[in-house]
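None of the figures in this text is laboratory data; all of them are computed from the coordinates on show. Please read these numbers as outputs of a predicted model, since none were measured by experiment. Here the Cβ positions follow ideal geometry from the backbone for every residue, glycine too, while neighbour counts run over all protein chains shown.
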Amino acid sequence: MSETQQPLVGVVMGSDSDWPTMEKAVEVLEQFGVPYEARVVSAHRTPELLVEYSKSAQERGLKVIIAGAGGAAHLPGMVASMTILPVLGVPVKSRALNGMDSLLSIVQMPKGIPVATFAIGDAGAGNAGLSAVSILATNDQALACKLQEFRNDQRDTVLKKVLPPQS
């Protein structure tokens with residue numbers, strides 16, 4: 001995070017073992033110059049920290065929270081239950097069920113406490129980062145221009161692809 005800018009996005013994960021996945025969200029935020037904070041907040045091992053973090057997020061200036069967890073994956077839902085900020089849930093691959101347990105834990109939220117849930121693993125984390133950028137871009141024209149340029153670059157890359165001749 002830039003030391004001179006107030007974080008706009010909180011990136012939290014249940015364990016430091018989730019970092020290799022959640023780092024993909026952080027890489028996107030850095031690519032777009034979005035200030036963020038990242039930390040471990042365990043729903044099960046540090047419930048008091050979870051409550052404090054979630055309840056103070058808005059007053060601390062955060063606009064979006066990206067929460068990733070594996071296994072029981074209660075973190076995104078618990079964060080969402082304690083803030084009105086958008087919460088983007090990233091299921092992290094687990095050893096037992098390859099992330100399906102994480103996905104189902106995050107996506108099955110009761111009506112009234114939404115968590116926007118993404119794909120399992122790195123792709124989901126990267127897209128959560130892009131969605132955070134998109135949310136922020138609704139009130140930041142410079143960021144919206146960067147996001148449009150990113151999308152245009154993706155389009156142009158695809159349009160330049162040439163397949164080998166078919167026999």
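Only Cα pairs under 8 Å and at least 6 apart count here; give the relative contact order of the chain as a rounded whole percent.
Numbers: 309 pairs, mean separation 36.0, N = 167.
Across the chain, relative contact order equals 22 percent.
Cut-off is 10 Å between beta-carbons; in what order do Lys24, Lys111, Lys55 appear when sorted fewest neighbours first? Numbers along the way, then the final one.
Values: Lys24 20, Lys111 5, Lys55 12.
Going from least to most buried by this count: Lys111, Lys55, Lys24.
Counting other C-beta atoms within 10 Å, which of His74, His44 has the fewest, and how do the rest follow?
Values: His74 19, His44 14.
Ordered from fewest to most neighbouring Cβ atoms within 10 Å, His74, His44 come out as His44, His74.
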Translational diffusion coefficient (Stokes-Einstein; Kirkwood radius from C-alpha pairs) of the stretch 63-150 at 10 °C, 1.306 mPa s, in µm²/s: 120 µm²/s
Size of the chain as Cα extents on the principal axes (Å, biggest first): 60, 41, 31
Between the stretch 91-113 and the stretch 1-78, the Cα center-to-center distance that results, in Å: 17 Å
For Gly14, net neighbour charge (Lys/Arg +1, Asp/Glu -1) across residues whose Cβ lies under 12 Å away: 0
Cβ crowding within 10 Å averaged over residues, with 144-150, 6-12 ranked highest first: 6-12, 144-150
Amide H partners (placed H, <5 Å) of Ala38, local residues excluded: Val11
